Amino acid sequence: MVKVVVLGAAGGIGQPLALLLKANPLVTELGLYDIVNTPGVAADLSHIATPAKVVGYLPPDEGLKKVLTGADVVVIPAGIPRKPGMTRDDLFKINAGIVRDLATGIAITAPKAFVLVISNPVNSTVPIVAEVFKKHGVFDPKKIFGVTTLDVVRASTFVSEILGDLGKAPSISVPVVGGHSGVTIVPLLSQSTVPLPSGFAKSDLEALVNRIQYGGDEVVKAKDGAGSATLSMAYAGAEFAAKVIKAIKGEKGIVAPTFVNLASDKASGDALKKEIGQDLEYFSAPVELGPEGVVFINPLGKLTDYEKTLVQAALPELAISIEKGVSFIGSSK
Ligand code: NAI
């Protein structure tokens with residue numbers, strides 16, 4: 001039995017994500033929560049002939065508490081998305097408070113659930129969830145994840161486009177490490193499972209890295225004020241959630257890229273800190289998952305000189321964003 005809850009379930013990401021989770025045969029209950037429209041979304045999805053029982057709640061009558069009761073996995077896409085000209089950090093003012101309040105609900109009602117944070121800025125909202133859990137004495141670093149899967153999905157797609165064969169996209173895997181915004185997104189293209197064409201020029205490589213780092217801006221621009229990535233994010237979020245669910249059910253060898261607390265597995269976390277040369281509290285990397293959460297954080301491995309530069313360029317912004325999330329809870333009631 002696996003109960004998955006989506007907080008922000010009526011939104012641009014929330015609805016297609018809920019659809020994909022309803023289609024996952026391993027999900028036996030799907031709880032939907034938003035400040036608007038969840039009864040309608042739940043009624044609609046409940047007619048789909050798959051195992052998950054769907055329930056939808058709004059804030060009145062302790063809706064958050066009801067939806068979270070018995071949750072094994074909680075996915076959070078609640079919050080405002082970017083408009084043209086905005087960075088993910090510009091969302092902090094509003095989304096930090098939303099994530100804090102939802103995290104408080106999880107800490108009280110479902111403290112043992114896996115928490116998958118989609119709401120931006122992920123580099124700060126993940127520390128916010130962790131700090132709220134610490135305040136409530138229920139912090140388990142193994143179970144709090146920032147969803148960075150979309151960066152990995154984009155990297156696979158863009159590499160397959162360069163190879164002129166979209167059919168290859170599903171088999172292309174590129175580790176994307178660091179964090180989830182701008183320069184903190186570091187694709188390790190030298191480790192792509194399908195290599196780039198031989199003789200791929202340095203300038204083309206730099207353009208590809210830039211496209212992966214700022215791929216979200218292409219969508220924000222094309223949507224022209226109507227939001228940011230929703231459908232590709234729902235796909236990526238469902239993919240990550242599916243891996244988490246498989247790990248919970250005991251499947252071995254599940255590895256997923258995600259932004260985690262480096263104390264979640266002390267030995268591998270410390271080794272990664274050594275690799276990057278900085279004592280950061282959070283970093284995103286391919287992580288092995290088990291029934292209790294993080295099992296092992298994969299090392300970055302062999303990097304090119306260019307990739308080493310990219311990792312170093314990510315560190316200052318990452319440190320600032322992490323600290324911003326931590327001190328938000330330190331300073332908020
Ligand atoms: P949206 O505006 O379409 O949907 C957000 C939903 O959250 C709305 O239905 C809203 O009613 C709900 N909401 C607001 N406050 C809430 C609260 N206190 N409790 C419950 N629900 C609440 O936005 P969209 O496009 O779905 O994006 C959501 C978030 O996901 C944004 O922060 C966006 O930046 C982020 N995002 C993250 C990505 C990633 O790779 N991690 C990629 C794309 C977007």
Task: region 166-323: C-alpha gyration tensor shape, a/c 1.5 cut-off, then a/b vs b/c - done: rounded
Open item on the list: Output needed: percent of Cα pairs per 10 Å distance bin for the chain, bins running from 0 to the one holding the longest distance.
Closed with: 6, 27, 36, 23, 6, 1, 0
Task: Residue-span extension gain [Ser190 to Lys221] - 0.36 nm each, minus C-alpha spacing - done: 8.2 nm
Task: Across Lys93/Lys134; Lys134/Lys308; Lys135/Lys324; Lys143/Lys274; Lys142/Lys273; Lys135/Lys302, pairs whose alpha-carbon gap is larger than 27 Å - done: Lys134/Lys308; Lys135/Lys302
TODO: Only Cα pairs under 8 Å and at least 6 apart count here; give the relative contact order of the chain as a rounded whole percent.
DONE: 17 percent
Open item on the list: Can you tell me which aspartates and glutamates have their Cα less than 16 Å from the Cα of Lys112? Leave out same-chain residues fewer than eight positions away.
Closed with: Asp72, Glu131, Asp140, Glu292
- [ ] Would you list the membrane-span-like helices of the chain, meaning whole DSSP H runs whose alpha-carbon atoms span at least 24 Å along their axis and whose mean Kyte-Doolittle value is at least 1.0?
- [x] 231-248
TODO: Mind jotting down the three principal axis lengths of region 136-241 based on Cα atoms? Whole angstrom, largest first.
DONE: 54, 34, 26
TODO: Take the Cα atoms of region 1-61, find their three principal axes, and give me the spread along each one in whole Å, biggest first.
DONE: 29, 23, 17
TODO: Figure the gain on full extension for Asp305 and His47 (residue separation times 0.36 nm, minus the Cα-Cα span) and round it to one decimal in nm.
DONE: 87.5 nm
Task: Pairs of alpha carbons in region 70-158 whose separation is greater than 20 Å (percent) - done: 35 percent
Task: Most mobile listed residue (Ala130, Ala49, Ala113) in the chain, GNM with C-alpha springs under 10 Å - done: Ala49
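What is the percent of Cα-Cα separations in region 214-259 that go past 13 Å?
Numbers: 656 of 1035 pairs.
Counting every Cα pair in region 214-259, those more than 13 Å apart make up 63 percent.
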Open item on the list: Using a Gaussian network model on the chain with a 10 Å cutoff between Cα atoms, which of Leu310, Leu68, Leu150 fluctuates the most?
Closed with: Leu310
Open item on the list: Compute a Gaussian network model of the chain, connecting alpha carbons closer than 10 Å, and tell me which residue from Val186, Val126, Val220 fluctuates the most.
Closed with: Val220
Open item on the list: Taking just the alpha-carbon atoms of region 182-261, what radius of gyration and Dmax come out, in angstrom?
Closed with: 16.1, 45
- [ ] Quote the convex hull volume per residue of region 6-136, based on C-alpha atoms, as a whole number of Å³.
- [x] 101 Å³
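Since every read-out is calculated from the coordinates, none of them should be taken as a lab result. All of these numbers come straight from a predicted model, not from anything done at the bench.
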